[in-house]
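Input: one structure, supplied below.
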Amino acid sequence: MEGSKVFSFQVPTAVFWGSGASLEIGEKARAVGARRILLVTDQGVAKTGAPERLAGILTSEGMDVQIFAGVSANPDVQVIDRAVRQAKEESCDALVAIGGGSSIDVAKAVGLMLANGGDSIEEYVLGKPIAKRNPPLIALPTTCGTGSEVTTSAVVSDKKRKKKVSLRQGTLLCASVAIVDPELMTSLPPHVVATTGADALSHAMEAYLSHAGSPMTDAGALYAIELIAANLRPAAANPADLHAIGLMGIASTIAGFAFGQASTTLVHCMSHAVGAHFDVPHGLANAVLLPHVMEYNLPSNLPRFARLARALGGRVDGLSDLEAADLGVNLLRRLLADLGIPRHLRELGVSPEAIPAMAGDAAAEKRIKNNPRQVTEKEIVALFERAM
Ligand SMILES: [Fe+2]
């Protein structure tokens with residue numbers, strides 16, 4: 001970004017981080033005025049017992065808790081509408097989300113409906129304006145990738161139109177409190193640590209290169225990349241490594257601060273299209289696309305790509321910006337290979353016939369204007385073909 005540009009940084013979410021921090025949920029819920037809570041989660045997280053344990057703490061503090069454990073990957077309109085029905089039937093006045101980005105985004109969308117009214121979230125997906133602030137939401141991420149606990153938006157899959165839509169209006173959808181507790185992440189399967197961690201890396205790299213970035217988001221993005229480069233391998237190799245997974249947890253929140261303000265760019269435009277057409281997990285789609293898009297974007301800003309190489313752990317002393325930028329892309333590829341990330345979309349079940357439709361959807365995303373290199377739909381087609 002230009003040094004002379006006006007920029008702002010607004011995050012109304014109070015963040016608590018640390019081992020065992022989630023045990024203070026009762027106090028935090030009382031502080032935001034929660035009385036009747038809808039706890040939003042998914043089946044996998046429910047099986048770990050964490051939602052029930054935390055619901056127990058809230059109940060013992062005198063709050064009423066209903067659990068909605070029906071969140072799916074790439075949650076769609078139906079899932080959100082079901083959760084809204086339950087929240088309305090139980091007259092819920094607050095939300096707790098325990099899970100990955102999907103659960104937190106569903107809780108944000110439920111809050112939107114409770115505050116703004118309507119029969120279905122589809123109305124907002126189709127552009128109905130959001131006017132009122134969400135009720136209190138406490139977000140507890142259980143993956144180290146989403147950043148949704150501190151971002152301003154909720155991503156909803158519109159399966160009817162095969163699109164992913166980011167709902168946002170200023171900071172109206174933001175969580176009131178984020179509790180980032182590494183103890184909630186240690187039972188993650190290694191491949192989920194790898195793919196959600198790669199999502200966080202994508203958030204940070206895209207935020208650092210985005211036209212909508214600022215010195216504030218640069219600071220978070222670069223430090224998040226350093227933390228991820230140092231901790232994602234050990235965290236994915238052994239999710240019970242509390243030190244590594246804990247630093248991945250904070251890295252993903254810091255990356256959330258960065259991209260929540262600076263936006264993501266072409267990688268997320270393309271991964272949203274992949275997720276909408278093929279139901280591929282979000283982090284995995286980003287992980288496969290990231291090196292291809294980085295290589296494409298490289299000519300846009302060699303000094304920034306050189307700085308990325310240093311954040312990724314590269315020895316750049318004595319290298320030209322071009323040499324360092326190339327080193328950065330190589331280090332990224334090496335990291336993703338070490339994590340066992342497939343190199344091609346074909347391996348995720350994506351078929352080439354969908355490329356024209358996916359490229360059209362990616363090109364139509366508003367955030368594409370933030371990509372550091374101007375890109376046409378034809379070039380997105382070529383990028384998808386290269387990534388196949
Ligand atoms: Fe993401």
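Every number here is computed from the coordinates shown, using simple stated rules; none is lab data. Computed from a prediction, not measured in an experiment: that's the story for all the values here. Virtual Cβ from ideal backbone geometry, glycine too; neighbours counted across all protein chains shown.
What is the packing order of peptides 198-204, 69-75, taking the mean over residues of other C-beta atoms within 10 Å and listing the highest first?
Listed from highest to lowest mean packing, they are 198-204, 69-75.
Calculate the spin-label point distance for residue 36 paired with residue 353, positioning each point 7 Å from the Cα along the beta-carbon direction, and give it in nanometres.
4.9
Give me the number: length gained by fully extending residue 385 to residue 61, i.e. 0.36 nm times residue separation minus the C-alpha to C-alpha distance, one decimal in nm.
Additional length available on full extension: 111.1 nm.
Connecting C-alpha atoms closer than 10 Å in a GNM of the chain, tell me which of 139, 194, 34 has the biggest fluctuation.
In the Gaussian network model the winner is 34.
Taking θ as phi - 60°, what are the ³J(HN,Hα) couplings along the range 47-62 by the Karplus curve (6.51, -1.76, 1.60), each to the nearest whole Hz, with x for Gly and Pro?
Per-residue couplings from phi come out as 5, 6, x, 4, x, 5, 4, 6, 4, x, 5, 5, 5, 5, 8, x Hz.
Next question, about the same structure. From the Cα gyration tensor of the range 211-278, with a ≥ b ≥ c the square roots of its eigenvalues, which class applies: rounded if a/c is under 1.5, or else prolate if a/b is larger than b/c, or else oblate?
Oblate, because a/c is 1.5 or more while a/b does not exceed b/c.
With r defined as the distance between the Cβ atoms of residue 233 and residue 7 and R0 fixed at 45 Å, what FRET efficiency is calculated, to the nearest 0.05?
Calculated transfer efficiency: 0.85.
Then there is this: What FRET efficiency comes out for the pair residue 132/residue 23, r = Cβ-Cβ distance, R0 = 41 Å, nearest 0.05?
0.80
A further question follows. What distance in nm separates the two pseudo spin-label positions at residue 72 and residue 319, each 7 Å out from Cα along the beta-carbon direction?
4.4
Expressed in nm to one decimal, what extension gain is obtained for the pair residue 378 and residue 219 from 0.36 nm per residue of sequence separation less their Cα-Cα distance?
Net length gain for the segment: 53.9 nm.
Give, rounded to the nearest 20 debye, the magnitude of the charge dipole that the chain has about its Cα centre when Lys and Arg contribute +1 at Cβ and Asp and Glu contribute -1 at Cβ.
560
Please order 142, 48 by the number of other Cβ within 10 Å, starting at the fewest.
48, 142
Which of 144, 114, 203 sits closest to the plus end of the dipole of the chain, meaning its Cα is farthest towards the positive end, when Lys and Arg get +1 and Asp and Glu get -1 on the C-beta?
About the Cα centre, the residue reaching furthest to the positive side is 114.
While we're here: May I ask you to list the lysines whose Cα is less than 26 Å away from that of residue 88, ignoring any residue fewer than eight positions away on the same chain?
Cross-link targets: 28, 47, 108, 128, 132, 159, 160, 164.
Here's another thing I want to ask about it. Looking at the chain as a GNM with Cα springs under 10 Å, which of 356, 291, 239 has the largest mean-square fluctuation?
Result: 356 has the largest fluctuation of those listed.
Neighbouring Cβ atoms within 10 Å as the yardstick, rank 267, 6, 45 fewest first.
Listing 267, 6, 45 from fewest to most nearby Cβ atoms yields 6, 45, 267.
Compute the long axis of helix 302-311 from its Cα atoms, compare it with the longest principal axis of the Cα atoms of the chain, and write down the angle in degrees, 0 to 90, nearest 10.
Helix 302-311 sits roughly 60 degrees off the main axis of the chain.
In addition: Report the residue, chosen from 149, 123, 226, that carries the largest GNM mean-square fluctuation when the chain is represented by alpha-carbon nodes joined by springs under 10 Å.
123
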